[in-house]
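The values are calculated or read from the model by the stated rules, or taken from the named source; none is laboratory data. Being a predicted model, the structure only gives us computed values, none of them experimental. All Cβ positions, even for glycine, are placed from backbone atoms using ideal geometry, and neighbour counts span all protein chains on display.
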Amino acid sequence: MVPMLSTLKQLVGDVDGAWAAAISGLDGLLVESYSATDIDLSLLAAEHAGMLRGASQAYSETLSGGQPRELYIRAERLSVFLHPIGQNFFLLLALSGRSNLGQARLYGRDAAQRLEAEL
């Protein structure tokens, strides 16, 4: 098995415009992270855990749409792709404005499947 950190580093390297990747619990606590910058990903993971929990509740309970399979949030200076891993974790991929969303989705889904075996 490939260690989680190696998978995260490879994901950041494979996706154009990616600068960080992390595995977090839905409680907002980091399990593992990698950043090509000196930015602490703890706050990013905690904030997005809340967003994913809210989206999950809205889609599954209020809208009867089932559990979200992925979530993409794009702001003026930051974009984040989230992919759930099992019931309690998610993959976070931080992207620049010139990122490739198609690559993020493709490689993110593959990485999430590999990481699920590690958790």
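Computed values, structure above
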read-out: Residue in region 107-117 that is touching a helix residue (DSSP H, G or I) at 6+ places or on another chain (Cβ under 6 Å), surrounded by 15 or more Cβ atoms within 10 Å (Cβ to Cβ), charged (D, E, K, R) and within 16 Å of Leu8 (Cα to Cα) present; value: yes
read-out: The listed residue being buried (at least 16 other Cβ atoms within 10 Å of the Cβ) and in a loop (DSSP other than H, G, I, E, B), out of Pro84, Pro68; value: Pro68
read-out: Qualifying residue in region 56-68 (condition: touching a helix residue (DSSP H, G or I) at 6+ places or on another chain (Cβ under 9 Å), without any contact (Cβ under 8 Å) to a residue 40 or more places away in the chain and of a type in the set (Gly, Ala, Ser)); value: yes
read-out: Residue in region 47-61 that is outside any helix (DSSP H, G or I) and over 10 Å from the mean Cα position of the chain (by Cα) present; value: no
read-out: Any pair with Cβ under 6 angstrom, 6 or more apart, that starts in region 29-44 at a residue that is closer than 14 Å to Val80 by Cα and part of a loop (DSSP other than H, G, I, E, B) and ends at one that is modelled with pLDDT of 95 or more and not polar (S, T, N, Q); value: Leu41/Ala20; Leu41/Ala22
read-out: Test: residue in region 35-50 that is touching a Gly at 6+ places or on another chain (Cβ under 8 Å), small (Gly, Ala, Ser) and exposed (fewer than 14 other Cβ atoms within 10 Å of the Cβ); value: yes
read-out: Residues satisfying the stated conditions in region 55-97, i.e. aliphatic (A, V, I, L, M) and farther than 24 Å from Ile39 by Cα; value: Ala55, Ala58, Leu63
